[in-house]
Amino acid sequence: MQNISDLIQVLEDSWDLLAKSEDSRMVPMMKFLHERLENPQSFVTLVGETSSGKSTLINSFLKQKLLPAMARPTTGTVTCVEYGLADRERLYAINRDATTEELDIRGFRALASHPDENLFRLKAEIPGNRTEFRGLTMFDTPGFNSIISDHEEILKDFLPNSDVIVFAVLYQTGFTMLNQEYMSLIAAMDREDPLPVLLVINRVPAGVGKMDRRIREIKSHAEDTIHRELNCILVHAATITPDGHAELPDTEQLWKEVAKKAFSKEREREIRKKSGIAVRRLIEQRINEMEKLRHAILAGQKEHAEWQKKRRTQLENTLKLSYELIEKRIRRIDNMLPSQLDSAEEKIIGIVKSELAGQSDWKDGPTAQNFIYMHVIPFNARLAIRNIEEFIKTELHELDRELSEQANMVVQALNEDIQLTTDPELKKLITCVVTRFATRLAGETASGMIQPLAGVGGSAAAIGNLVKMAVKQIGSLFGKTFSRDVYTTIGKIFTKKAVQTMSFALSVAIEAIDYIWDAKTWKDKLIKETEKIMAQWKYELEKELFEDQIVSDDPNDEAKNKLSILTQIKNANISSVNECYSGLLADFDPDSTGGRLVSAANRLENKDAVLKEIGEDTDQLNKKLAIISGMEGITE
Amino acid sequence: MNTISFFNNKDITELLTRYLDAVSDVPGIMEKISKDLNAAKCIICVFGTQGSGKSSFLNALLFRDIVLPADADETTCIPVAVSYGKNKVPTATVFFLDGRTEVVSCTDESLKQYIHQNYNPANEKKVREVQIEFNHPLLEEGITFVDLPGVGSITPANQQIAIDYLRQATASVFMLRLGQPITNSDSFFIRYALPMFSQIFWLQNRWSGESDDEVIDGKNHNEEVLRDIARKSHYPEEKISDLDVVNIYDALQATIENNQENIRNSGFEAFEQKLYKFAKTWKENLEHDCAKLARNYVQTAVECATASIQRLSGDVQNEMKRLDEENSVAERNLEANREYGKKAKDFLKAQTKEIEGGLETQCRNAYGNLRNAVREKIESGMVSGEYLNKAFQDCLAEEEKNIYEYVRSKFQELNETLQQNYFDNMKQSSLDENTEASVQGNFSDKSKLPGYYGRIGTGIGAVGGIAAGAAVGSAIAPGVGTAVGFVVGAGITLVTTLLGNLVGSGARKIHMHYQKEEAKAELFKIISNYTKKALENYQNLCKKYCDAISAVIDEWLLEQEKIIKQTYTKRKAELEKPIGEKQSMIHRIQADIEELQRISAEL
């Protein structure tokens, strides 16, 4: 079995050849892959309620009080701590405008507890010589009982790409309803491979072990929520020094367990496989480019130009039509959702009414109210939400079908061109174009392959150097399908929002209870309250669904503006369509600088020299491909 | 000769049996068709998404009054059949599961007691169905309207009745609503039911508050979903058209007030006219279709008989050689079919195993969810045993529905794959390719003869159909809530007693940690029992499903084998007969052909 170094070798040997690519993303992608292979990082994300001791866990790993423990939950800043890669301790802030600022420890801690508006992330590079932890990158996230909106990023970008998720629960509070809610969101993200969650029960009193009743309840409650068994680690409370300060707790067992998972053999194999495939894709892409250019030079100019013109018009129409399809579909969802919400509202009020009317033997008001607030409303709301979700899914499924149909028609037209063309070079050229487009359609491009390697949250992106910035761009690309993937992410957000909005509306109602349980009037009052709750729910949900809140000057700045769910769906669809056709459009662009097609090919003066160079480069890259094919464990 | 007497005629049946080798059960088919023609009954099922206004629709259409209980929500849990009777005043008869009947007054108040979910929860009154009869012009031509409850709201005991109605139905009115999209279970039901109807009337109920834009968008959405379903169930897509939009509530109001203008404005009048037109012509249409079928039978028999004569008058050795060649082709086909059959069964087995495994995950999820639901309810201070119990039952039913939904969708997927990858490749064997082709060609047109077209010569398509039927039958049968009932009963009482004494406005504040923990533990026990039982039940169901389809495949293969053997033996014996006997056979066949041609002319 070859080593990762072989792969690095192949990449380095192909470097100059690949760098000639017309694709501006090629070099950043290469750099990213190279760094990932050289410095195998592992991503550990720590989540938990505020004060569940996440920061202390990291501090005790570092054996220094780097992070302010019990930081007040004022912000959504994520702090990144990278161990063992740097040669000196470096602390810095990454700002929203992508600039970085180096900080001293005081500045670092100050920003951690009182972040300013411009702060995006904090990062600490800590040198160290414990080789078994080299490359461990820890993310300390805000407690999930703080501001809601910032957690989406963690859910969407961090958790799915983490090698280990440390879920910290405080022994004293037990597994709270909030824990349950958050854990169930994690459970909803489990795909074929369940997310690697490690349950940590923190600040366990001395002498308490795994058989303790509370420990067992926390564990089984967590397992009931995530629907599988969890590895559970107890971290005992730190001893208090005579002068009243807490020492750092002993977390050795925890971090050993983390490292075992984060640097496991399986994981290394997986990374090697994915990187190998990504390197191969990069090479294939470059070969395809050169093939295209070769045939463009050799093809008959007149036929070529005619073909290009014909297809460019068609392509532009397809693109226009695709946008229209998206627009139309979104407008339809927009049109129909209100009545769905109305009927959900009406239905739930109806159920409450019939509950109250049907039971003549209601013991008393408080009991009834408890039953209705704690069960009838949330239970039925969840059913209604599922219905609405199903509706959106069906619509997006249709959209997906329509968009794929368009794309398939393009493929079909190009295939026909291949059949009809008599010029053998043009035939080959079109074949190259189709192949590349089909690869994109199937989501099998190099960038698609790199995406899962990008690590936590395009975490990389957060870190602020140029290479990694490019990855964020890559990370936002779409793979396989158009609309369906969009939904899997956004649909979950909708469900979460809808459920949250409901709990919010209910909690407001519960706090506002001030009426006296008069035997004659309480039922009517309860119905009125229900109507208020439902109206509130609908109002909030409609806001989430339909209302864009543009605060930034740039309407496309998704980080600053709060976009409605529908707009998010629309944007994601548009970008997925753009991504799909971008390569083709460039192929048909007469001004394409890379000289992909005829006009560009014609501008070349030294055609023979170019052809010779292409021939040599292709041979060399093909040899590299053969080397990768010979490597074990890189088959797809 | 009219069509009924054709299918009733013993001599004709015998004549056809003699020549239609490729059809395995001619007498059975003839009997079935003649029965259907004689039945003089046309069942129109009214079904649709929950709370789409089925009962209100029938109230407007037939009674012009509120007779069938109807709320905004799904209320009907018992099938109600309305058919023709002599009296102007409707009479209602309640049929109970034990065979008892009871005549009740045909009013909203009285019917409610039997068919309304709230008054007869979980069908505790053990009602099978309710039949209403009265003299109404729309019912005159043997039309019966059946108000069918949605799949989810019907109890297992009634499911068979609903399925039977579906199987006998000729047409249906399918009702949709804008605000409530077609759910997965609905779509499953529609897919199962679609092929059974020759005519479907699509009706979208419109609310007064809905704008025209919304209505059109809703209509488009529904049509898309339905077309998708049609595509997947090989039902002609073009039949999914003309979704009529009617404001049922306005229509009902207008019919009660007898305000013709409002009836028209609600869109109801046009729809009503469609139904009247159908009621007048369904008999002719049915007869017409059967006549076509009859002519086709006769024609095919003539072709087969002519082929027989050719064989009998040809050179014996040559014919024998040809027969052997044909036979070996047929056997090769059969062998290939067996191979497919075997692969299909292996695939089925492997998939079933996988579904069983998936069920473990499902039940495990249900287990966790239910325990969390109990924690949530108790922690949030729900301490009245009675209400905790109620809430718990809701959650339990929901989890059960999820498990059921999982099994259902898996079965559906499995059926599709079986059909596409295996059944579609299996050829109907016959010793006479021509005969096979002509029988198939003519009968594969899914004419207005629901129920048995699949049996007639359409080859393996039938296996798919039957298998799907079997699967649906067994999947629907256990239904929602089966496992819940018997596992939960006892424990709940204990929880109720445990917490019962804590009820009261101040009770929540009392420290009652102990009782809470006890109640939790008790409910956890119930959950554990329930999930175990549910897993066992559904895994058994998977096994049954797998066995049922395997048996259908085996049966079909055996039947094919039998047909090949019989035809071969018969034709061989014919060829080996002495010349004199052959001559007289030819004469007899010629006489038969003349007879067949005479019949054909009369038809």
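The values are calculated or read from the model by the stated rules, or taken from the named source; none is laboratory data. Worth saying up front: this structure is predicted, and the values here are computed from it rather than measured. Reconstructed Cβ throughout: ideal geometry from the backbone, glycine too, with neighbour counts over all protein chains shown. Quick note on the areas: whole protein, heavy atoms, side chains included, nothing else; ligands and nucleic acids left out. Shrake-Rupley method; radii C 1.70, N 1.55, O 1.52, S 1.80 Å.
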Expected single match for over 30 Å from residue A:523 (Cβ atoms), open to solvent by 70 Å² or more (accessible area, probe 1.4 Å) and either within 11 Å of another protein chain (Cβ to nearest Cβ) or assigned to a helix (DSSP H, G or I) (or both) among A:292, A:302, A:353 is A:302
Of the residues that make up the range A:117-128, is at least one at pLDDT 85 or above and open to solvent by 60 Å² or more (accessible area, probe 1.4 Å)?
no
If we ask which residues in the range A:204-233 are within 13 Å of chain B (Cβ to nearest Cβ) and in contact (Cβ under 8 Å) with a residue 24 or more places away in the chain, their number turns out to be 10
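Per-residue answers, yes or no, for (1) modelled with pLDDT under 75; (2) under 30 Å from residue A:337 (Cα atoms); (3) open to solvent by 10 Å² or more (accessible area, probe 1.4 Å); (4) within 14 Å of chain A (Cβ to nearest Cβ):
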site	(1), (2), (3), (4)
B:111	no, no, no, no
B:119	no, no, yes, yes
B:167	yes, no, yes, no
B:188	yes, yes, yes, yes
Looking only at the range B:31-57, how many residues end up being at pLDDT below 80, crowded, with 19+ Cβ neighbours inside 10 Å and of a type in the set (A, V, I, L, M, F, W, C)?
2
Cβ pairs under 7 Å, 6+ apart or interchain, first in the range B:386-402 and more than 9 Å from chain A (Cβ to nearest Cβ), second small (Gly, Ala, Ser) and open to solvent by 20 Å² or more (accessible area, probe 1.4 Å), ordered by first then second residue, are B:397/B:481; B:400/B:481
Quick check: anything in the range B:537-546 of a type in the set (A, V, I, L, M, F, W, C) and modelled with pLDDT under 80?
yes
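Here is a yes/no grid of residues against (1) open to solvent by 50 Å² or more (accessible area, probe 1.4 Å); (2) modelled with pLDDT of 90 or more:
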position: B:247; (1), (2): no, yes
position: B:253; (1), (2): yes, yes
position: B:257; (1), (2): yes, yes
position: B:262; (1), (2): yes, yes
position: B:282; (1), (2): no, no
position: B:286; (1), (2): no, no
position: B:294; (1), (2): no, no
Please verify whether residue B:92 is open to solvent by less than 30 Å² (accessible area, probe 1.4 Å), in contact (Cβ under 8 Å) with a residue 60 or more places away in the chain and not charged (D, E, K, R), treating the condition exactly as stated.
no
Taking the residues in the range B:63-77 that are crowded, with 20+ Cβ neighbours inside 10 Å and either within 14 Å of chain A (Cβ to nearest Cβ) or at pLDDT 85 or above (or both) as candidates, determine which candidate is farthest from residue B:256 (Cα to Cα).
B:75
Output the residues belonging to the range A:6-25 that are closer than 15 Å to residue A:624 by Cβ and either crowded, with 20+ Cβ neighbours inside 10 Å or not charged (D, E, K, R) (or both).
A:7, A:8, A:9, A:10, A:11, A:14, A:15, A:17, A:18, A:19, A:21
Is it the case that the range A:65-84 has a residue that's surrounded by fewer than 17 Cβ atoms within 10 Å (Cβ to Cβ), closer than 30 Å to residue A:292 by Cβ and either at pLDDT below 90 or under 22 Å from the mean Cα position of the chain (by Cα) (or both)?
no
Counting only residues that are hydrophobic (A, V, I, L, M, F, W, C), open to solvent by 60 Å² or more (accessible area, probe 1.4 Å) and within 14 Å of chain B (Cβ to nearest Cβ), the range A:312-340 contains a total of 0
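Taking the conditions exactly as written (in contact (Cβ under 8 Å) with a residue 40 or more places away in the chain, under 27 Å from residue B:552 (Cβ atoms) and touching a Lys or Arg at 6+ places or on another chain (Cβ under 9 Å)), does residue B:333 satisfy them or not? Break it down stepwise before answering.
Details: in contact (Cβ under 8 Å) with a residue 40 or more places away in the chain: yes; under 27 Å from residue B:552 (Cβ atoms): yes; touching a Lys or Arg at 6+ places or on another chain (Cβ under 9 Å): yes.
Yes; evaluated as a whole, the condition is true for this residue.
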Here's a check for you: in the range B:203-221, which residue that is loosely packed, with under 14 Cβ neighbours inside 10 Å and charged (D, E, K, R) is nearest to the other protein chains (Cβ to nearest Cβ)?
B:213
I'm told residue A:201 meets every condition in (1) within 14 Å of another protein chain (Cβ to nearest Cβ); (2) open to solvent by less than 20 Å² (accessible area, probe 1.4 Å) except one. Can you identify the failing condition by its number?
(1)
Only residues in the range B:554-569 that are farther than 19 Å from residue B:324 by Cβ count as the first member; pair them with residues that are open to solvent by less than 50 Å² (accessible area, probe 1.4 Å) and not β-branched (Val, Ile, Thr), Cβ under 7 angstrom, at least 6 apart or cross-chain, and list the lot.
B:557/B:337; B:557/B:341
Count of the range A:180-205 residues which are under 20 Å from residue A:255 (Cβ atoms), assigned to a loop (DSSP other than H, G, I, E, B) and more than 19 Å from the chain's Cα centre (by Cα)
0
Matching residues in the range B:380-413 (of a type in the set (D, E, K, R), modelled with pLDDT of 80 or more and surrounded by fewer than 17 Cβ atoms within 10 Å (Cβ to Cβ)) number 1
Conditions (1) surrounded by 14 or more Cβ atoms within 10 Å (Cβ to Cβ); (2) under 21 Å from residue B:560 (Cα atoms); number of the one not met by residue B:328:
(1)
Residue within the range A:360-367 that is touching a strand residue (DSSP E or B) at 6+ places or on another chain (Cβ under 9 Å), within 8 Å of chain B (Cβ to nearest Cβ), polar (S, T, N, Q) and without any contact (Cβ under 8 Å) to a residue 60 or more places away in the chain present
no
From the options B:375, B:364, residue that is among the basic types (Lys, Arg), open to solvent by 10 Å² or more (accessible area, probe 1.4 Å) and either assigned to a helix (DSSP H, G or I) or more than 10 Å from chain A (Cβ to nearest Cβ) (or both):
B:364
Considering the range A:386-404 alone, what residues qualify as being at the interface with another protein chain (Cβ under 10 Å from one of its Cβ atoms) and among the hydroxyl-bearing types (Ser, Thr, Tyr)?
A:394
Tell me, yes or no, whether the range A:47-56 has at least one residue that is among the hydrophobic types (A, V, I, L, M, F, W, C) and open to solvent by 20 Å² or more (accessible area, probe 1.4 Å).
no
